[in-house]
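> Take this structure first; my questions come after.
Bear in mind that the values in this text are calculations on the coordinates, not laboratory data. Only a predicted model underlies this, so the values are computations on that prediction, with no experimental measurement involved. All Cβ positions, even for glycine, are placed from backbone atoms using ideal geometry, and neighbour counts span all protein chains on display.
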Amino acid sequence: MERVSIVKCGDYQPSRVYEAVTRSINLLGGMSQFIKPGMKVLLKCNLLMRKKPEEATTTHPEIVAAAARLVREAGAVPTIADSPGGLFTERALRGVYRACGIEEIAARDQIQLNYNVEEAVRPHPQGKIIKSLAVIRAIEEADAVINIAKLKTHGMTLYTGAVKNLFGVIPGTTKAEYHLRMKKLKDFSDVLVDICTYVKPVLSIMDAVVGMEGQGPSAGDPRKIGAVLASGSPFALDVASVSLVGIPPGKVCTIQRAKERGLCSDLKDIALLGDSLEDLKIHDFKIPSHKHVGFIEQYFSGDSPVARFINAKFGPRPVFDYDGCIGCRDCEKNCPPRAITMVDGKPVADLNECIRCYCCQELCPKKAVHIKRSWLFRTFR
Ligand code: SF4
Ligand code: SF4
C-alpha cells in the first residue's frame, strides 16, 4: 500500500520547517529508507522563474534546506537543481537561485548548486508516449533524485505538484517542443507521467506550507495551507495533496493517466500517516477561473480543423494586460508555436495558432497574462 505522510507546519521558520520535514520523512521510516551513505542526491526543486519565496511560485528555500540537511545526516551529498522556464544557461540559473532565496541558503548551509547546463538524450523504452528524452545532465550524474515540489494550481493541468515538477528535468526551451508535440492535455499528461517514470524519484516532498491558488502556477495568490507532505510515490503524493485542497483527484489529468497505467491509487487505498488530512483540509481553495468549465478543452483539444475552430471561438485564451506588461518579450520567446508577436512593444497572440499551453501566463514576470473565456462563450453560457 502506498503511504503519504502529512505534517502540520504553520510557517517557514527554519527550525519549525526542519522539524516538520524530519517528521514527515521519519513517518515513512526515515531518510535511510530512501538513500544510502555516499550517494550523490539531486534535490529537484520547483524553481520555475525569478520569484521571491514569499510569492509562493517556487519551493521555499527552508524546505530545500531541511531536505538537504537530512540527506547529509544520512551520509549522502545533496545538490540543488532545476531547469527553470526559459533558457537553461549558467547566467539564468544564477539569477533564479538568487531571486528564489536558494543562493542564500546554499551559502548558509554549504549546499552545492548545480551549474551544469549540459543535457543528455536517454532512452525510455517503458515510456508510453516518449521512448527517449532529453534531460539535464545533472540528473544522470546523481545516484538518486529527491523531488521537492510546491502545491499550486496550473492554467493548463489544473494542478502542479510532484509529477508535474519533474517536467523541470527537461532542459530549458526543449520543454516547448513537448508542448508542441503533445497539444492535447491527455497526451501532455501522459508525457508528464513518462518523465516521472524515467526520473523515478526515490522520495517526493510537498511544500504545502503556503501554496498558490487561483491563476497558478505563477500569477495566482499565495494561500496558507499549513502542511508538509512526503511519500515514496509522487503519484500518491499528488492524490493526497489535491485532496488536501479540495480538488477531486479525478479532475487532475496526470492522476487520471497514472491511474490508467496502474501507477496510482484512490485516496481510500493510500495509507495516510501523521496529522489528519481532514483536519488540515482547505475547503475554499480557488482553482483557475477558466477551469470551472473544462469541457471544451476535454473534447476539442488538439490539432484538427474543428478543434482549432472551436477553440479559437469558444476556448479560453491568453489576454494581455498592457498596463502591467513591460514588453520584456518572455512570453514571445517561450511560446511553443510562436503564436505571439510583438506589436509596438506589446504582445499579440494569434489565437488560431495558440495551443492553449499557457506558457505565456506561466512565465510572465509581471502577471500581465490572464486566461479568459471568449465573449462568445460567456454570452452562450
Ligand atoms: S511576458 Fe508579460 S511583461 Fe513580458 S512582454 Fe509578455 S505580457 Fe508583457
Ligand atoms: S499564446 Fe500563450 S497559450 Fe497560446 S501557445 Fe503561445 S504560450 Fe501557449
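> Sort segment 75-114 into rounded, prolate or oblate with this rule: let a ≥ b ≥ c be the square roots of the eigenvalues of the Cα gyration tensor; rounded if a/c is under 1.5, and if a/c is not under 1.5, prolate when a/b is larger than b/c, oblate otherwise. Present the calculation step by step, with values, prior to reporting the outcome.
Values: a/c = 2.84, a/b = 1.60, b/c = 1.77.
Oblate.
> Moving on. Taking a ≥ b ≥ c as the square roots of the eigenvalues of the Cα gyration tensor of segment 3-280, is the shape rounded (a/c under 1.5), prolate (a/b larger than b/c) or oblate?
Details: a/c = 1.26, a/b = 1.04, b/c = 1.22.
Since a/c stays below 1.5, the shape of segment 3-280 is classed as rounded.
> Just list whichever of LYS268/LYS372; LYS164/LYS286; LYS8/LYS367; LYS152/LYS186; LYS131/LYS268; LYS152/LYS281 have alpha carbons separated by over 24 Å in the model shown.
Values: LYS268/LYS372 35 Å; LYS164/LYS286 19 Å; LYS8/LYS367 30 Å; LYS152/LYS186 19 Å; LYS131/LYS268 33 Å; LYS152/LYS281 15 Å.
Beyond 24 Å: LYS268/LYS372; LYS8/LYS367; LYS131/LYS268.
> Once fully extended, how much extra length lies between LYS333 and ASN352, figured as 0.36 nm per residue of separation less the alpha-carbon to alpha-carbon distance? All intermediate terms of the calculation are to be shown ahead of the outcome.
Values: separation 19, 0.36 × 19 = 6.84 nm, distance 1.81 nm.
Fully extending the segment from LYS333 to ASN352 adds 5.0 nm.
> Then there is this: Suppose every K and R has +1 on its Cβ and every D and E has -1 on its Cβ; what is the size of the dipole of the chain about the Cα centre, in Debye to the nearest 20?
Working: 53 positive and 42 negative charges, 162 e Å.
It works out to roughly 780 debye.
> Where does each of ASP266, ASP279 land when they are ranked from fewest to most other beta-carbon atoms within 10 angstrom? Please list the in-between numbers first.
Working: ASP266 12, ASP279 8.
So the ranking, lowest neighbour count to highest, is ASP279, ASP266.
> Still on this structure, please answer the following. How many nm separate the modelled label positions at ASP344 and ARG98, each set 7 Å beyond the Cα in the direction of the Cβ?
3.4
> Quick one: Cα centre-to-centre distance for segment 187-226 and segment 137-176, in angstrom?
8
> May I pose another question? So for the pair ASP109, ASP11, with labels modelled 7 Å out along Cα→Cβ, what separation do we get in nm?
Distance between label points: 1.9 nm.
> Calculate how steeply helix 14-26 sits against the longest principal axis of the alpha-carbon atoms of the chain, using the helix alpha-carbon long axis, and give the answer as 0 to 90 degrees to the nearest 10.
80
> Using a ≥ b ≥ c from the Cα gyration tensor of segment 50-190 (square roots of the eigenvalues), is it rounded, prolate or oblate, where a/c under 1.5 gives rounded and otherwise the larger of a/b and b/c decides, a/b for prolate? Can you show the working numbers first?
On the way: a/c = 1.71, a/b = 1.43, b/c = 1.20.
Here segment 50-190 falls in the prolate category.
> Counting other beta carbons within 10 Å of each Cβ, put SER32, SER83 in order, fewest first.
Details: SER32 14, SER83 28.
Result, fewest neighbours first: SER32, SER83.
> At VAL306 and ASP269, where each label point lies 7 Å from the Cα along Cα→Cβ, what is the point-to-point distance in nanometres?
Output for this residue pair reads 3.4 nm.
> To the nearest 10 degrees, how steeply does helix 234-244 sit against the main Cα axis of the chain, on a 0 to 90 scale?
70
> Separate question: Could you state the angle between the C-alpha long axis of helix 61-73 and the longest principal axis of the C-alpha atoms of the chain, as a value from 0 to 90 degrees rounded to the nearest 10?
40
> Amide H neighbours of LYS372 under 5 Å, counting only residues 5+ apart in sequence or on other chains, H built in-plane at 1.01 Å?
Here the answer is ARG317, VAL319, since their amide H atoms fall under 5 Å of that of LYS372.
> Follow-up question, since we're still on this one. Which residue fluctuates the most in the chain, going by a Gaussian network model with Cα springs under 10 Å, if the choices are GLY86, GLY250, GLY172?
GLY250
> Hey, another quick one. For GLU2, what residues show an amide H to amide H distance below 5 Å, using hydrogens built from the backbone and excluding near sequence neighbours?
ALA271
> Run down the aspartates and glutamates and flag those whose C-alpha is under 20 Å from the C-alpha of LYS259, throwing out any fewer than 8 positions away in its chain.
Partners found: GLU2, ASP187, ASP190, ASP194, ASP238, ASP269.
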